[in-house]
Amino acid sequence: MGKTIPRCLQQLDLRKSVVGLATGAGAIYLLYKAIRAGIKCQPPLCSNSPICIARECPVPGERALPQEAPPRPPLRRPKGLAIERERHGRDSGEIRRLLNSLECKQDEYAKSMILHSITRCVYLLEAEASACTTDDICLVGEMLDDKDNSVKIQALNALKAFSGIRKFRLKIQEHSIKVLELISTIWDTELHVAGLRLLNSLPMPDYVHPQLRRVMPALMEIMQSDYILSQVQAVRLLSYLAQKSDLLYDILNCQVHSNFLNLFQSSQPGSLLFEVLVFAERLSEGRNATHYRAVKWHYNEQSLHEALFGDESRLADRLLSLVIHPEEEVQIQACKVIVSLQCPQDLGCRPSTCRPSHSYFKNGE
C-alpha cells in the first residue's frame with residue numbers, strides 16, 4: 001500500500017469530519033425548509049378551529065395581525081337571582097313553579113330534590129312563601145305518605161320552613177300525629193331529626209296528647225341513642241311536654257335504660273348536657289307542684305322517676321361534677337337543678353319544709 005498506519009488514521013478522521021459536516025448542513029437545510037413552509041402557509045377558512053392557531057400574514061416576515069372577531073350580540077341585562085328580584089319587589093315565581101312540578105308525576109329522587117329546593121326558597125323568598133296557600137301546605141304534607149324515606153325527610157324539612165310563617169302553623173299542626181307516627185315506627189336518625197325539629201317549632205294541641213302518650217317510649221329511646229342531633233331534639237321536646245300536667249306522670253313512669261345517668265356525664269357534649277339538665281329541672285319542678293304531690297303516684301322500678309329521684313339514684317354525684325364544668329351555661333343549669341331538688345317551688349325554699357331527694361342534699365348542703 002505504501003502508506004504508514006498513522007497516515008491512514010489521519011485520512012480516516014478527516015473523512016469522518018467531512019461526513020459530519022455534511023450531515024449537520026443537511027439537518028440545518030431541512031429545518032430551514034420547515035420554517036419557511038410554516039411562514040408561507042395560509043390559515044384555513046375556519047380560523048376559529050383549535051387545531052390551527054396561525055394568523056394570516058399577507059407579506060412574508062410581516063407580523064401577524066389579529067383576526068377580526070365576529071360581531072357580538074347586544075348585551076342583555078341579566079334578570080338576576082330570585083332573591084334579588086324579590087328584594088326589588090318582583091315575584092320570581094320560583095316557589096310556584098316548584099310546587100307545580102311537585103303536583104306532576106315524579107320519581108322519588110325528583111320529588112326529594114324538588115322538596116329540598118322548596119325548603120331553600122321558603123327561607124330565602126319570604127314574600128313568595130307567604131303568598132302560598134294552605135292547599136300548598138297540604139300538597140307538601142301528602143309527601144309524608146311517600147314510600148321513600150328521603151322524600152319524607154325533605155317533606156318534613158319543607159314543613160319546618162313553612163312553620164316560620166304564622167298563618168300556616170295551624171295547618172301544619174294537623175300533621176303532628178302523622179309526624180309522631182313516623183318518628184315512632186321508622187328508626188332513621190335523619191328522619192328523627194327532621195321530624196323532631198318540626199314538632200319543636202310548633203305548639204302541641206291537646207288532641208295530640210293521646211298520641212304523645214303512645215310514642216313516649218320511642219322518644220325516650222331516641223334520647224338515649226348515640227346520635228347527638230336527634231338526642232338534643234328529643235330532650236327538647238320532652239322538656240316542653242314535661243310542663244304539661246296531664247303528661248308529666250307518663251314521662252316520669254316511662255322506662256329507661258339502667259345507664260340513663262350517663263347522659264349527665266361531663267364527657268357529653270355541652271349542648272346535650274344543657275338540654276338534659278333543663279329536662280331534669282322541669283321534671284323536678286313538676287313533681288314538686290302542689291297538685292302533683294296531692295296524688296300518690298306509683299312508678300315501676302326501671303322508670304325515669306327512679307333513675308332521677310329514687311332512693312338509689314346517683315344524680316347528685318353527676319350534678320356536683322357538672323358544677324365545675326368548663327361551659328358556664330352547663331354550670332348554671334346544674335345549680336338550678338340542685339336548687340329545684342332542694343326545695344319545692346311553691347314553698348319558697350323554706351328550710352323547715354324542704355324535702356331533699358338525696359342524702360347529698362341533707363341539711364341544705
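The values are calculated or read from the model by the stated rules, or taken from the named source; none is laboratory data. All values reported here derive from a predicted model rather than from experimental measurement. A quick note on method: Cβ atoms are made from the backbone with ideal geometry, for glycine too, and the neighbour counts reach across all protein chains shown. We work out accessible area using only protein heavy atoms, side chains counted, and drop any ligands, DNA or RNA first. Shrake-Rupley method; radii C 1.70, N 1.55, O 1.52, S 1.80 Å.
Structure values in brief
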{"item": "Of all residues making up the range 251-303, the number that are over 23 Å from residue 330 (Cα atoms) and basic (Lys, Arg)", "result": "2"}
{"item": "Hits in the range 317-331 - residues which are in a helix (DSSP H, G or I), touching a helix residue (DSSP H, G or I) at 6+ places or on another chain (Cβ under 9 Å) and open to solvent by 10 Å² or more (accessible area, probe 1.4 Å)", "result": "317, 318, 320, 321, 329, 331"}
{"item": "Any hit, the range 215-231, residues being of a type in the set (A, V, I, L, M, F, W, C) and in a loop (DSSP other than H, G, I, E, B)", "result": "no"}
{"item": "Odd one out for residue 207, checked against (1) surrounded by fewer than 17 Cβ atoms within 10 Å (Cβ to Cβ); (2) part of a helix (DSSP H, G or I); (3) of a type in the set (Ser, Thr, Tyr); (4) under 22 Å from the mean Cα position of the chain (by Cα)", "result": "(4)"}
{"item": "Contacts under 9 angstrom Cβ, first residue in the range 241-269 being under 15 Å from residue 297 (Cβ atoms), partner in a helix (DSSP H, G or I) and among the hydroxyl-bearing types (Ser, Thr, Tyr), 6 or more apart", "result": "245/292; 248/292; 249/292"}
{"item": "Total residues in the range 151-198, condition open to solvent by 10 Å² or more (accessible area, probe 1.4 Å) and not in a helix (DSSP H, G or I)", "result": "7"}
{"item": "Tally, over the range 111-133, of residues that are part of a helix (DSSP H, G or I) and within 18 Å of residue 156 (Cβ to Cβ)", "result": "14"}
{"item": "Leading residue by the ranking (surrounded by the most Cβ atoms within 10 Å (Cβ to Cβ)) among those in the range 236-285 that are part of a helix (DSSP H, G or I) and of a type in the set (Ser, Thr, Tyr)", "result": "284"}
{"item": "Of the criteria (1) aliphatic (A, V, I, L, M); (2) in a helix (DSSP H, G or I); (3) open to solvent by 50 Å² or more (accessible area, probe 1.4 Å), which one residue 295 fails", "result": "(2)"}
